[in-house]
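Quick notes on the structure that follows.
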Amino acid sequence: VEKNFKLEEKITMLQQQNEELRARIEQNTVITRQLSEENANLQEYVEKEVEEKKKLSRTNEELLWKLQEGDAVSPVKLPPPSSTSFYRCSSEDSSPAKVRTLRR
């Protein structure tokens, strides 16, 4: 009888451990799903940024070409590039973290 009682206690303990492990597995599944979604969003963001960078690079090349062609054709000389200031837009507002929070 005492042996039976100890076995029942052991079974109860193992069942509790089993339930705790199932809960942890379920929690890990939820977290994995969330991380996968976040990863997909970040990959989409990076792809868009790469495309935008390519587009800006093409535009820059086109403008440089037009500038060089304009210098060859135009009698008016433009000031040297070092004397003109170009301002770069800050990309802080489009960080991946902010893009991610906007999509949720």
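FYI, it's all coordinate maths here, none of it is from the lab. Source: prediction; values computed, not measured. Cβ placement follows ideal geometry from the backbone for every residue including glycine, while neighbour counts extend to all protein chains displayed.
Stretching the chain fully between N4 and Q17 yields a gain of 2.7 nm (0.36 nm per residue, less the alpha carbon separation).
At a Förster distance of 35 Å, what's the computed FRET efficiency of Q68 paired with S36, Cβ-Cβ distance as r, to 0.05?
For R0 = 35 Å, the calculated efficiency reads 0.15.
Straightening the chain between N28 and L56 buys 5.9 nm, computed as 0.36 nm per residue apart minus the Cα-Cα spacing.
Charge tally around W65: other residues with Cβ under 15 Å, Lys/Arg +1 each, Asp/Glu -1 each, net -2.
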